[in-house]
Amino acid sequence: MQRIKPETGNRKPVSIAIDPGYDRIGIAVFEGKALVHSECFTPKKDTFPKILAEIYAHLTKLIKKYEPETFAIETLFFTKNQKTAMKVAEARGVIQLAAANEGLTMTEYSPQAVKIAVTGSGNATKDAVIRMVERLIILPKQKRHDDEYDAIALGIAHTATIRVLGNPHK
């Protein structure tokens, strides 16, 4: 399904960036270079299929609200815990489905690519990424989980890529 967007005057391109997970999902929405929404979405404790359904519903609602033109997601980072990796992969599939059903095409970034874009080093620590995010964007003072910072960093990398290379899906 192709999205047909109404003319919105001087509205800058909207992008949504997702740090996937199944128990916590980092979400950041940018209008141009400006962060307009970020959160760490935590589904209610329930059966895994119901958690996946809640993730799908929440993302669909955000996509409809902000009407992004682009969608960025972090590639799956493999861990030693195969059970966790499988659940994250399943949640990632549901996240991709929500975007695809709303007509969005996905751009993937590895954790190392995001770190390079934000800090200049693919081996940067989580703390270094957080410090750079806080230098690059003025954030309201509040407690944030790493997942939310990761989504914001991904959004920074994605919007920078679009500014330099253009939307890869146009």
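When we measure straight from the Cα of Lys65, which lysines land under 23 angstrom away, once same-chain ones fewer than 8 places off are left out? By straight Cα distance, Lys65 reaches Lys5, Lys12, Lys33, Lys44, Lys50, Lys170. Go ahead and set up a Gaussian network model of the chain, Cα springs under 10 Å, then flag whichever of Lys65, Lys141, Lys126 fluctuates most. For the chain, modelled as a Gaussian network with Cα springs under 10 Å, the answer is Lys141.
Of the complete DSSP H runs in the chain, those spanning 24 angstrom or more by Cα along the long axis with a mean Kyte-Doolittle score not below 0.0 are 48-66, 82-101, 146-165. The overall shape of segment 64-114, judged from the alpha-carbon gyration tensor, is oblate: a/c is not under 1.5, and a/b is no greater than b/c. Counting only residues at least eight positions apart within a chain, or on another chain, the lysines with an alpha carbon under 24 Å from that of Lys80 are Lys45, Lys115, Lys126.
Taking Pro68, Pro20, Pro43 as the candidate residues, the one with maximal mean-square fluctuation in a Gaussian network model of the chain, Cα springs under 10 Å, is Pro43. For Tyr66, Tyr22, the sequence from fewest to most other C-beta atoms within 10 Å is Tyr66, Tyr22. Ordered by the number of other Cβ atoms lying within 10 Å of each residue's own Cβ, fewest first, Phe71, Phe41, Phe77 fall into the sequence Phe77, Phe41, Phe71. Note on the chain: with a GNM built from Cα contacts shorter than 10 Å, the maximum mean-square fluctuation among Gln96, Gln142, Gln112 falls on Gln142.
Taking the number of Cβ atoms within 10 Å of each Cβ as an exposure proxy, the fewest-first ranking of Ile138, Ile16 is Ile138, Ile16. Rounded to the nearest 20 debye, the dipole size of the chain about its Cα centre is 160 debye, using +1 on the Cβ of Lys and Arg and -1 on the Cβ of Asp and Glu.
Every read-out reported here was derived from the displayed coordinates using simple, explicitly stated rules and does not represent laboratory data. These numbers come from a predicted model, not from an experiment. Don't worry about glycine lacking a Cβ; one is built from the backbone with ideal geometry, like all the others, and counts go over all protein chains shown.
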